[in-house]
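Have a look at the structure below, then the notes.
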Amino acid sequence: MTAATTFEFAMACGVAGAFVNVSEYVLFNEGGVTRNSGRQSSFVDTRPGSFAFTLDNSDGRFTPGNVASALGTPLFEGMRVSWQLNDRIVSGRVRSFSMVFADISNAESARVRVACDDVLGQAGRVTLGSLPQSLVEAAGPLGYWKFDEPVGSVTAADSGPYALPPFRAGSFTPYVPTFGATELDWVGDTQAQGGGSASLDSRFETNIPATNFGYAANEAGAYGFWWTPVTPSGDGSNYFQFRVFTQGGNYFSVEAGFNDGDQLGVTVNNSALRSSSELPLNVPVYVSLVPTIVGSYLSVALFVDGVLAATRTRAHTGDVTAAGLAPKKIELIMRSSSGAASEFRISRITHTLTRVNENLIVDPEMTESELLNLFATIVPAVTLGTLPTELSTAPVAVDTTTTGQSALSFLNSIIATEQGYAYAETTGTLLNPVEKIIIRQRERPLTVTETFTTTTDILGSPSLSRDITDTLSSVTVNGYKQTAIATDNALTKFVGSASRTETVLNTRQSDLRMWGHDRLYRGAPEGINVDRVTIDARSTNSDRWADLLALKEGDRIRVAGLPATQLGFTTYDGWLVGSGERHDADRDLFDLYLTPAPASYGYYGTSLYMAGGDLTLSSSINSSATSISVATSSLAKLTTTETPFTIQFGREQLTVTAVSGATPQVLTVVRGANGTPASSHTAGAVLEVVPSAVYAF
């Protein structure tokens, strides 16, 4: 028996949230320690990794809200937790906990069962608005004007962390806007209000000192709002968000005056005072102004939630530097239409830290790397590991206006295109864990990462199955620009006309078709599949701890020692899509969930065989035969000199190392090439040569 050498837990329950080793309180005989990672099937989305354990709470230290607790920081949902098993560290946050008493009258029986999830769980709890809005909300405030000053005030002070310039009330008329107006739907903040008479022109504006406000170019040469105060970190870039509410015949506009005198206005509830784009009423919007120089013309574009709302262009002969294009004043203007009495209100304004690249937001096609980095920006608690270089650089489509989905769903929509893997990986130490999301590209490795043998490693029998639950005969794959249909007529006898439509982010026809064929294959009942194996690390004949703890989603796993008489094959290869663990006082169980690993060959229709069925097996063979006899015709005779090459019977590929010249030809072969299952074959089975240039996708 081989037990774990290190099994420790730490929680951020020390003073000021410092990690503290709490291993002495973990009870292995009550529920044990459990963990789940990845998926149990390749047909479901990535889910957060989770783990759970039980703590001795006889002294009440782990009771949330217990003022007498000995902990520096009482247990709460969201508290960080880390777990070290030998050299592997897993970390996450407390998702929930439950109080357990074996005997309510016995304090010594008090327990707390703690359930945690990894950083993917944090992404699952972040609900997205539109993509630009989500980026702004994730950035945190740089400036924050609440307009909650006392009635009679004429300036709105910034209550953000950097004391930015105030918004100042002004008017072309004697009617000065007042504060302390009736609250709208942003509870807790009052609004500034103007109105009550005709021809009112009430303004809130901020004059921006040149030293504090400017522009900086992005990669495409466009510009956006930048604040440039000294900040603790980052570049201090920002955008405004507005929530406005208007009544009567009036409109609300945003204007920026530039150093060369150009101005751009955007209007809400336009009353024909000027031609301009509308902003939505009573909803928060993200607004940015982007000036660019085109030849001798200055073009100023206004974006609302990342969508181009208005553009003004005029001749420009002035300064084209960043300083020359800097706005000298931002105005939020509320005006009535001629002769109309009305009321105008404006709610709070926030100025955010994140510079959002407009050209990226409005571009309907981004690369996978760009999308993944957007995902990481949206969820501040998420850090991505180094992205693999094998990710597609082809543009993919994304809907920036979809709201209500979680950031994790957004991630799944990205990696589904590549059918890749996302999982949390923790580095650092038990008391200083560093958690990152690792993206593994859609790859089909031929190299076996680990082999587990039924007689020495695997506990009991593997889970073997063959069914049509996920079997389709046709898949329509919708991409951003086009659609591809993948069909396998041979599957019709199993599932009839079963079909499905998938929507992925790919744009190229070849990518769409390969995605569809891969989906067909993984559901096809072409052979018996090994869905799950269970390994007890304490009962294996050799020490497999390091191998088990190092496994990652996407690894190629080989199951060896299968009974050939009953199954027709002795080894089975699958890709690891997920795992589960159960550790207690007696066992350390690992469940490995596999999806079929297709061999490196292409699929052919029955009318497309290279030899047209003229190459057949002369006599039946079992799964271990290394010499086979092939009946050949004068039109289809195998080469005797150009070896090795690959042949195929059904699902099995064989490497041919020698060929006799006489007919029937005798082939010396290596069984189960390219990870395919070595199987028994009957006399008359059709043989085909696999071209070396044709591989699986």
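The values are calculated or read from the model by the stated rules, or taken from the named source; none is laboratory data. These numbers were taken from a predicted model, which means no experiment stands behind them. Cβ coordinates were reconstructed from backbone atoms using ideal geometry, including for glycine residues, and neighbour counts include every protein chain displayed.
Observations on the model:
- Test: residue in segment 57-80 that is within 24 Å of residue 588 (Cα to Cα), in contact (Cβ under 8 Å) with a residue 12 or more places away in the chain and of a type outside the set (A, V, I, L, M): no
- When residues of segment 452-461 are limited to those that are part of a loop (DSSP other than H, G, I, E, B) and either within 27 Å of the chain's Cα centre (by Cα) or of a type in the set (Val, Ile, Thr) (or both), the one surrounded by the fewest Cβ atoms within 10 Å (Cβ to Cβ): 455
- Total residues in segment 462-499, condition assigned to a loop (DSSP other than H, G, I, E, B) and not basic (Lys, Arg): 15
- Residue check for residue 671: at pLDDT 85 or above, of a type in the set (D, E, K, R) and over 30 Å from residue 36 (Cβ atoms): yes
- Within segment 646-660, the residues that satisfy the criterion of being modelled with pLDDT of 80 or more and not acidic (Asp, Glu) are 646, 647, 648, 649, 653, 654, 655, 656, 657, 658, 659, 660.
- Hey, residue 67 β-branched (Val, Ile, Thr) and surrounded by 15 or more Cβ atoms within 10 Å (Cβ to Cβ) or not: no
- Among residues of segment 24-69, those that are in a loop (DSSP other than H, G, I, E, B) and over 35 Å from the mean Cα position of the chain (by Cα), counted: 10
- Residue satisfying all of: in segment 49-68; of a type in the set (Gly, Ala, Ser) and at pLDDT below 90; farthest from residue 32 (Cα to Cα) among these: 68
- Any hit, segment 456-479, residues being farther than 26 Å from residue 535 by Cα and touching a residue at least 60 places away in the same chain (Cβ under 8 Å): yes
- Which numbered condition residue 87 misses (of (1) loosely packed, with under 15 Cβ neighbours inside 10 Å; (2) in contact (Cβ under 8 Å) with a residue 24 or more places away in the chain; (3) more than 24 Å from residue 422 (Cβ to Cβ)): (3)
- Scan of segment 402-429 for residues that are loosely packed, with under 15 Cβ neighbours inside 10 Å, at pLDDT 90 or above and either of a type in the set (S, T, N, Q) or assigned by TED's automatic domain parsing to the domain that holds residue 45 (or both), ordered by number: 427, 429
- Options 118, 103, 148, 158: the member that is of a type in the set (D, E, K, R) and crowded, with 23+ Cβ neighbours inside 10 Å: 118
- Checking residue 474 against (1) within 21 Å of residue 386 (Cβ to Cβ); (2) in the same structural domain as residue 526 (by TED's automatic domain parsing), the condition it does not meet: (1)
- Number of residues in segment 645-677 that are part of a loop (DSSP other than H, G, I, E, B) and more than 21 Å from residue 571 (Cβ to Cβ) equals 5.
- Unmet requirement for residue 514, which otherwise passes all of (1) modelled with pLDDT of 85 or more; (2) under 27 Å from the mean Cα position of the chain (by Cα): (1)
- When segment 430-450 is filtered for residues that are out of contact with any Leu (no Cβ under 8 Å at 6 or more places or on another chain), modelled with pLDDT under 90 and buried (at least 17 other Cβ atoms within 10 Å of the Cβ), the ones remaining, listed by number, are 440, 442, 444.
- One residue alone among 491, 459, 464, 520 is more than 25 Å from residue 552 (Cα to Cα), aliphatic (A, V, I, L, M) and assigned by TED's automatic domain parsing to the domain that holds residue 542, and that residue is 491.
- Filter pass, residue 578 being modelled with pLDDT of 90 or more, assigned by TED's automatic domain parsing to the domain that holds residue 524 and under 17 Å from residue 462 (Cβ atoms): yes
- Segment 23-48, residues that are surrounded by fewer than 19 Cβ atoms within 10 Å (Cβ to Cβ), of a type in the set (Ser, Thr, Tyr) and modelled with pLDDT of 95 or more: 23, 34
- Qualifying residue in segment 394-401 (condition: over 22 Å from residue 481 (Cβ atoms), at pLDDT below 70 and surrounded by 15 or more Cβ atoms within 10 Å (Cβ to Cβ)): no
- Subset of segment 27-42 [of a type in the set (A, V, I, L, M) and closer than 20 Å to residue 121 by Cβ]: 33
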